[in-house]
1. So, with +1 on the Cβ of K and R and -1 on the Cβ of D and E, and no other charges, what is the size of the charge dipole of the range 200-388 about its Cα centre, to the nearest 20 debye?
2. Among Leu281, Phe331, Leu390, whose Cα sits farthest toward the positive end of the charge dipole of the chain (+1 at Cβ of Lys/Arg, -1 at Cβ of Asp/Glu, about the Cα centre)?
3. Rg/Rh for the range 132-179 to two decimals, with Rh computed the Kirkwood way over all alpha-carbon pairs.
4. What residues qualify as long-range amide H neighbours of Ala147, i.e. H under 5 Å apart, gap of 5 or more or another chain, H built at 1.01 Å from N?
5. Please report, in Å, the Rg and the Dmax of the chain, where both are computed over Cα atoms only.
6. Within the chain, which complete DSSP H helices have Cα atoms spanning at least 27 Å along the helix axis and a mean Kyte-Doolittle hydropathy of 0.5 or higher?
7. Multiplying the sequence separation of Asp358 and Asp286 by 0.36 nm and subtracting their Cα-Cα distance, what value in nm do you get?
8. Between Glu144 and Ala170, what length comes free when the chain is fully extended (0.36 nm per residue of separation minus the Cα-Cα distance, one decimal in nm)?
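Every number here is computed from the coordinates shown, using simple stated rules; none is lab data. Everything numeric in this text was worked out from a predicted model, so none of it was measured. Here the Cβ is made from the backbone with ideal geometry for all residues, glycine too, and neighbour counts use every protein chain on show.
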Amino acid sequence: MTETPIDGTVLVVNAGSSSLKYQVLDPVTEEVIADGLAERIGESSSRIKHWYRGHEVVVDGALADHDAAIAKVLELFAADGVDVADSGLAAVGHRVVHGGRSFFEPTLIDDVVRSEIERICPLAPLHNPANLVGINAVSALLPEVPAVAVFDTAFFNGLPDAAATYALDAAVAEEFAIRRYGFHGTSHEFVSRLTSETLGRDYGDVNQIVLHLGNGASMSAVAGGRPIDTTMGMTPLEGLVMGTRTGDIDAGIVFQLSRVAGMSIDEIDVLFNKRSGLKGLCGENDFRSVRERVEAGDEAARLAYDVYLHRLRRYIGAYMIELGRVDAIVFTAGVGENAAPVRADSLAGLENYGIEIDPERNAVRSGEPRLISTDASAVAVLVVPTNEELAIARQSMAVVRRSA
Ligand code: ADP
């Protein structure tokens, strides 16, 4: 194999139903070498934004499917003189949303693994099929490069039964694998580990609450490195109010919408996953716009923000009790890393519980892990930027090394 500019790096792939995000990065130096996004795959208006070592190209033009998108991305690399197939790329790491009860750790992909991911598609009908298409498309073009699946559910595999079990007819739950799996696990693990490092403490000694607040949002309670609860459930729909998802909702609403409103199950699925949350409440799921409207006195945005915060505070309270002792509360992802008012409002008035944010520290903008609580605060409050691509790259590299 020839030594080329991406030798020893990992290609991280996150395939959605009509999109494909990718990054080439060095899991050791953390250097990002290439980064890109193919959108609207399958439509005539497809677009690829591709960035390689400091320069960006945007390519418009129909991409029939994921195979066409990957082929085009490899062409863009070739235009920069990189033959990805013969470049010494160490691994491809695929984000796979649902590992069901089959996958608890990053796994080298072979035909057996592929068919098992396919078998559990009914558990994540919106995500796993797309992930699989991504896996097949990449392996068709890069057959020599080992591919690893990194599951979003894996970190939460060890949830205690009391947290993972729905109070549902046990036989039905067993037959259809209905239980709480949890998602965003790669991020929760990465951020909780980095929090311990930032505090200079052993991972096993720190009890923490992690708030991953992006467009999708979830919270976890991690006791000494072991997750004991998380807000997402069998699917990513449960828990916090999100950009377009309801989060927790009375299941009786499904009966009402079906019987009285005459909606089909597919329509209710779209309503709950795509037309609810902040978007459903105020027409907007981009948190920056919601905040701007709150500041301008917009009532719908105010209610959306209040409902969002109410849910956050409910879970923070629950997880404080579940953990018993809390050492750290950590904010991450787009909203958690950038929206200082959300951090301040979600922990306001908790001084009696030893939680006190320092307004000046909270206002600092930075890409680094940082403490935002006062020196007197018994509980450390932090902002710790997540990096799921780096976590996937490291885990994929580790699997490839072990299996070599
Ligand atoms: P995902 O990966 O789930 O798509 P991200 O973690 O990228 O989401 O977070 C996206 C969210 O972060 C959007 O709602 C966006 O508005 C919000 N966000 C980004 N920057 C800011 C900011 N400066 N203030 C408030 N919200 C922000």
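1. 220
2. Selected residue: Leu281.
3. 1.23
4. Here Val92, Ile109 satisfy the definition.
5. When restricted to the Cα atoms of the chain, Rg and Dmax are 21.6, 65 Å.
6. None pass (Cα extent of 27 Å or more, hydropathy at least 0.5).
7. 23.3 nm is the gain from fully extending Asp358 to Asp286.
8. 4.9 nm
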